[in-house]
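Novice: Mind looking over this structure? Questions follow.
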Amino acid sequence: MNNLTNYHSHSTFCDGKAPIEDFIKQAVKMGFSSYGVSSHAPVPFANHWSMKIEEVEPYLNEINRLKQRYSPHIDLYAGMEIDYLHENHHPASDFFAKLPLDYRIGSVHILYKNNTEVDIDCRPEEFKLNIDTYFDGNLKLAVTEYFDKMITMIKTGGFDIIGHADKITYNASTCNPNIREQKWYSEKIEELFECIAQSGLIMEINTKAYNRHGIFFPHQKYFKRIQELKIPVTVNSDSHHPDFINDGRTEALSALKQCNIDTVRQLKNGTWQDTPIQL
């Protein structure tokens, strides 16, 4: 089994730019051994990025159709990226727990202030406006609330993979370039990593921003700590277009090896297995 896998992938069922089958065709062409589709799960407010609840059944039907069609060429899996919004909407909620999915990604994209959804996964200029508007310009408060929400999500469970663990920090660093060097931040992300280690969940190394910005989520400066805590990892491209399904993979695998992480967690015959990194 090679290291050509991806379990974080979107499509036109959510904010992706192509039908699911286009991603699968590209994965087969590139020699991927397994591929998972993980469109954004429905959320209870209007937006441009998640699937609608009435689209869940067609989404699962389409993946099942493609599983049968491409079974001689690739192992295909049905996933979903599910937001932890609040205590009534999260990956362990009854609706998501009962879906016939092969795996689930748990992510945080939204914070709440005064019963208002605040998007933290947006353009940097919009992020700064949100911090000024909803957090009175208090960047530390917003980042702390993000990591606290990630920790609550992990403790609540109901999923397999932790999505882009420090995603907020890219936008936060455009407001404060030295944020990763601050003591309070280091303590907070250490709290997150220790929680992940205790949970046994898989942490994705998200390569979506590597070709544009030269960073992974979580940031590569933490790979050594991930190794020390023995957190299992998988490399995902978070691709929204078929051309990007393999972006940053080789660089991520190389960076992991340099920190003495020798295996990645991959799906084989429906089971997560530690697979040696081969460069």
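The values are calculated or read from the model by the stated rules, or taken from the named source; none is laboratory data. Keep in mind the model is a prediction, meaning the values are calculated, not measured. Ideal geometry is used to build each Cβ from the backbone, glycine not excepted, and the neighbour counts take in all protein chains shown.
Novice: Can you tell me how many residues in segment 16-42 are surrounded by fewer than 19 Cβ atoms within 10 Å (Cβ to Cβ) and more than 23 Å from Met203 (Cα to Cα)? Give the derivation first.
Specialist: Keep residues of segment 16-42 that are surrounded by fewer than 19 Cβ atoms within 10 Å (Cβ to Cβ), which gives 17-19, 21-22, 25, 28-31, 33.
Narrowing the set further to residues that are more than 23 Å from Met203 (Cα to Cα) leaves 17-19, 21-22, 25, 28-31.
So the answer is 10.
Novice: Output the number of the condition that Lys149 fails; it satisfies all remaining conditions of (1) in a loop (DSSP other than H, G, I, E, B); (2) touching a Leu at 6+ places or on another chain (Cβ under 8 Å); (3) of a type in the set (D, E, K, R).
Specialist: (1)
Novice: Of the conditions (1) surrounded by 15 or more Cβ atoms within 10 Å (Cβ to Cβ); (2) in contact with a helix residue (DSSP H, G or I) (Cβ under 7 Å, 6 or more places away or on another chain); (3) outside any strand (DSSP E or B), Leu111 fails just one. Which one is it?
Specialist: Of everything listed in (1) surrounded by 15 or more Cβ atoms within 10 Å (Cβ to Cβ); (2) in contact with a helix residue (DSSP H, G or I) (Cβ under 7 Å, 6 or more places away or on another chain); (3) outside any strand (DSSP E or B), Leu111 misses just condition (3).
Novice: Out of the residues in segment 132-164 meeting the condition of being under 14 Å from the mean Cα position of the chain (by Cα) and farther than 15 Å from Leu111 by Cα, tell me which one is surrounded by the fewest Cβ atoms within 10 Å (Cβ to Cβ). Break it down into steps so the answer makes sense when it comes.
Specialist: First, the residues of segment 132-164 that are under 14 Å from the mean Cα position of the chain (by Cα): 150, 153-154, 159-164.
Of the ones still in play, those that are also farther than 15 Å from Leu111 by Cα are 154, 159-164.
On the way: Ile154: 19, Phe159: 27, Asp160: 21, Ile161: 26, Ile162: 26, Gly163: 26, His164: 27.
Looking at residues that are under 14 Å from the mean Cα position of the chain (by Cα) and farther than 15 Å from Leu111 by Cα, I get Ile154.
Novice: Which of the numbered conditions does His241 fail, given that it passes all the others? Conditions: (1) buried (at least 19 other Cβ atoms within 10 Å of the Cβ); (2) in contact (Cβ under 8 Å) with a residue 60 or more places away in the chain.
Specialist: Every listed condition holds for His241 apart from (1).
Novice: Moving to a separate point now. Could you tell me which numbered condition Leu141 fails, if it satisfies all but one of (1) farther than 30 Å from Thr271 by Cα; (2) touching a residue at least 40 places away in the same chain (Cβ under 8 Å)?
Specialist: For Leu141, the exception is condition (2).
Novice: Right, something else. So Pro124 passes all but one of these: (1) surrounded by 14 or more Cβ atoms within 10 Å (Cβ to Cβ); (2) under 18 Å from Lys208 (Cβ atoms). Which condition number does it fail?
Specialist: Every listed condition holds for Pro124 apart from (1).
Novice: Another one. If a residue has to be farther than 23 Å from Val28 by Cβ and hydroxyl-bearing (Ser, Thr, Tyr) to count, how many in segment 68-86 make the cut? Give the derivation first.
Specialist: Taking segment 68-86 and keeping what is farther than 23 Å from Val28 by Cβ, we get 82-86.
Subsequent filtering for residues that are hydroxyl-bearing (Ser, Thr, Tyr) retains 84.
The total comes to 1.
Novice: Would you pick out the residues in segment 152-164 that are of a type outside the set (D, E, K, R) and outside any helix (DSSP H, G or I)? Explain how you work it out, then say what you get.
Specialist: First pass over segment 152-164, keeping only residues of a type outside the set (D, E, K, R): 152-154, 156-159, 161-164.
Passing the criteria: Gly157, Gly158, Phe159, Ile161, Ile162, Gly163, His164.
Novice: Quick one: would you say Met30 is over 26 Å from Trp272 (Cα atoms) and either in contact (Cβ under 8 Å) with a residue 12 or more places away in the chain or of a type in the set (S, T, N, Q) (or both)? Write out each step before concluding.
Specialist: Numbers: over 26 Å from Trp272 (Cα atoms): no; either in contact (Cβ under 8 Å) with a residue 12 or more places away in the chain or of a type in the set (S, T, N, Q) (or both): yes.
The answer is no for Met30.
Novice: Related question: Could you tell me whether any residue of segment 39-51 is modelled with pLDDT of 95 or more and farther than 16 Å from Phe13 by Cα?
Specialist: Yes: segment 39-51 contains one or more residues that are modelled with pLDDT of 95 or more and farther than 16 Å from Phe13 by Cα.
Novice: A further question on this structure: Only one of these is modelled with pLDDT of 95 or more, farther than 17 Å from Ala209 by Cβ, assigned to a loop (DSSP other than H, G, I, E, B) and out of contact with any helix residue (DSSP H, G or I) (no Cβ under 9 Å at 6 or more places or on another chain): Asp132, Asp136. Name it. Break it down into steps so the answer makes sense when it comes.
Specialist: On the way: Asp132 fails: assigned to a loop (DSSP other than H, G, I, E, B).
The unique qualifying residue is Asp136.
Novice: Out of the residues in segment 165-192 that are of a type outside the set (Ser, Thr, Tyr), outside any loop (DSSP other than H, G, I, E, B) and in contact with a Ser or Thr (Cβ under 9 Å, 6 or more places away or on another chain), state the one that is surrounded by the fewest Cβ atoms within 10 Å (Cβ to Cβ).
Specialist: Only one residue tops the list, namely Trp184.
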